[in-house]
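Inspection log for the structure reproduced underneath, given as C-alpha cells.
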Amino acid sequence: MNDERILAAVESKRADALGTHRFVHEHPELSHEETECVRHIVDMLEQADLEVDRGVGGMKTAFRATLPGALPGRTVGLVCLYDAVPVFRPDGSIEPVHSCGHDAISGGVVATALALADLRDELPGRLIVFGCPADEIPAPLTVEIGGGKAVSAAAGLWDDVDAALYAHPEFEDTVFLQSRWMRRDRAFVTGSRSLEGQPEAPVDSIAAAIAAVKKLPPADAIVEHVQLEGDVEEGGGLSARIHFLLRSDEEAGLEELAAPLREALPDATWSSDPVVAGLRPNEEVTAAVKDACLALGRHFVDDPGRLPFGTDFGNVSQRVPAALIGIGRPGGWAFHTDEGATQFEQDGEEAALSIAQVLALASARLLAPR
C-alpha cells in the first residue's frame, strides 16, 4: 500500500468521520455509561465487516473490533475514546460535555478503520480498534471502576498487539515520551457523634488530611473528595472516606507522597487503587508516527515536555510497544472548558480527519512484516 492510496481511502471516509464526530459530540455520556456512542461506533465498524466483541474486560461499554488483512503482517491496536468530560456545576449536578476531543478521536479512528477496510485485500496483518471507556479521571464511575485503557491492559487484551497507537488533539504534532505516575489512596475513619459537642474523630481526620496535603506540592497530591456517612442527627456512629489523588514523576514517588498522609491519619484503614503507570516510549513506534507526520507535511516535535498528568495509556505502553500521539492545532485547545466544547464543536471535524490521516499512515508502516 502506498501513501497516496491510503490517503485517498481516508478522504473517501470524510463523511463517516464527520458523522461520527457529530454524533458523539451531540450525545455526551459519562464514563462507563457511553451506550449510545458505542452503539453508533460499533454499527459503523460492523458495516465494514469488522469482527466486534462487546463488553470486553468486564466493561459494558468497551469493545474490541478486528480487521484482518489478506497478507501476513503484524497487529496494530488503536485506542478509540468516546466518554465526555464531567463538568461539576455549582448546583451540585454533573453535566457531560465534550471539551477534550474524544468526539474527534472517535471520528478519526472510525475513518481509519473504514479506510483500511477498503484496502483489506492488500492489507498486511490485522488492525484492532479498542473501544476504551472512561478516559476522564474525575468521572464517578472512572473512580469506582477504573479507566478503560488500564482495565483492558490488566485483563491482557493488548498482549497480542505489536504496536498500540493513541492519538489525541493537542498543541503540537508529537509522540509524548513521558507522563506522570498516579494512584488513588483511600482512608476510612470511624468515630462516634458526641452530643456534648466533643470533637468528632472523622471530622478531625478530614481536617488532618487537608492539612497534610497542603504541605505537599499541589500538583502532586490533592484531597479528591470526602464521603461522610452516619446518623448525625441522633448521635450515632459517623464515618468518613477520604479519597486522595497522588501523582509523581516516578513510581517510587507515590509511596513518598503517601507516607505523611498515613502518619497524619494513624487510625485510618487504608487502601490503594491500581497504579496508573507512566508512559514507556518505543523508538520504532515513535519513528513510524514521525514518518507519517512528515509524509503529510506536518511539523513533528521530537522532544515534547513531560505530560503534567497521568494517563492510563501508560499501562498499555508498559505491556506493548506504544505511542501516545499529539495531533497539533495552531493555538491549541481550551481543554475542559465551555470554550473548549465550542472549539471541538466547530473544529473537531477537521481534527478527526487529521487523526485519521496520521493513524492510517502510521498503522500501514507498523502492520508490514519486519
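How big is the dipole moment of the stretch 88-229 about its Cα centre under a simple scheme where the beta carbon of each Lys and Arg is +1, that of each Asp and Glu is -1, and everything else is neutral? Debye, nearest 20, please.
Values: 11 positive and 22 negative charges, 99 e Å.
Dipole about the Cα centre, nearest 20: 480 debye.
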More than 12 angstrom separation, counting every C-alpha pair in the stretch 1-46; what % is that?
67
From the coordinates shown, percent of Cα pairs over 38 Å apart corresponds to which of (i) 15; (ii) 22; (iii) 31:
(ii)
Given the whole protein assembly as supplied and a 1.4 Å probe, what does the accessible area of PHE176 come to in Å², nearest 10?
20
If unit charges are put on Cβ atoms (+1 for Lys and Arg, -1 for Asp and Glu) and the dipole of the stretch 1-117 is taken about its Cα centre, the option from VAL38, GLY101, LEU78 lying farthest towards the positive end turns out to be LEU78
Across 5 Å bins beginning at 0, the whole-percent shares of Cα-Cα pair distances in the stretch 258-310 come to 4, 13, 14, 14, 12, 10, 7, 6, 8, 6, 4, 1
Here D for the stretch 76-159, in µm²/s, from Stokes-Einstein with a Kirkwood Rh over Cα pairs at 37 °C and 0.692 mPa s, works out to 227
Long-range amide H partners of LEU238 with built H, under 5 Å
GLY191, SER192, ARG193
Taking only protein heavy atoms and a 1.4 Å probe, what accessible area per residue, in Å², does the stretch 2-136 have with all protein chains in place?
36
Given H placed 1.01 Å from N in the peptide plane, which residues other than close sequence neighbours of HIS225 have an amide H under 5 Å from its amide H?
HIS243
Which lysines, on any chain, are close to LYS149 with Cα under 22 Å apart, when same-chain ones fewer than 8 places away are left out?
LYS60
Leaving ligands and nucleic acids out of the surface, order HIS225, HIS243 by accessible area at 1.4 Å, largest first.
HIS225, HIS243
Semi-axis lengths (Å, descending) of the ellipsoid that matches the C-alpha gyration tensor of the stretch 223-305
46, 16, 9
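Magnitude of the Cβ-charge dipole of the chain, K/R +1 and D/E -1, about the Cα centre, nearest 20 debye? Please report the intermediate quantities before stating the final value.
On the way: 31 positive and 60 negative charges, 178 e Å.
Charge dipole, the chain, about its Cα centre: 860 debye, nearest 20.
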Spacing of the two label points (7 Å from each Cα toward its C-beta) at LEU296 and ASP121, in nm
2.8
Mean separation of Cα contacts under 8 Å (at least 6 apart) over the residue count of the stretch 279-326, i.e. the relative contact order in percent, is 64
Inter-part distance where the stretch 1-54 and the stretch 255-314 are each reduced to a Cα centre, Å
27
Could you state how much accessible area LYS60 has, in square angstrom rounded to the nearest 10, with a 1.4 Å probe and all protein chains kept in place?
150
Under the 7 Å Cα-to-Cβ spin-label approximation, ARG5 and VAL87 lie apart by a distance in nanometres of 4.6
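Carbon and sulfur atoms: what percent of the 1.4 Å accessible area of the stretch 110-196 do they account for?
Values: 1410 of 2800 Å².
Answer for the stretch 110-196 is 50 percent, counting heavy atoms of protein chains only.
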Highest-MSF residue in the chain out of ARG319, ARG89, ARG54 [GNM, Cα springs under 10 Å]
ARG89
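Given just the C-alpha atoms of the stretch 241-370, how large is their convex hull per residue in cubic angstrom?
Working: hull volume 20.3 nm³, N = 130.
Convex hull volume per residue, Cα atoms: 156 Å³.
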With label points set 7 Å from each Cα along the Cα-to-Cβ direction at ARG370 and GLU284, the distance between them in nm comes to 0.4
At 15 angstrom or more along the helix axis (alpha-carbon based) and mean Kyte-Doolittle of 0.5 or higher, what helices does the chain contain? Whole DSSP H runs only.
102-118, 201-214, 283-295
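At 1.567 mPa s and 4 °C, plugging the Kirkwood radius over alpha-carbon pairs of the stretch 28-67 into Stokes-Einstein gives what diffusion coefficient in µm²/s?
On the way: Rh = 10.3 Å.
Translational diffusion coefficient: 125 µm²/s.
The values are calculated or read from the model by the stated rules, or taken from the named source; none is laboratory data. Model, not experiment: these values are computed from the prediction. Heads up, the Cβs are rebuilt from the backbone with ideal geometry, glycines too, and the neighbour counts pull from every protein chain shown. The accessibility values were calculated without ligands, DNA or RNA, using every heavy atom of the protein model including side chains. Shrake-Rupley method; radii C 1.70, N 1.55, O 1.52, S 1.80 Å.
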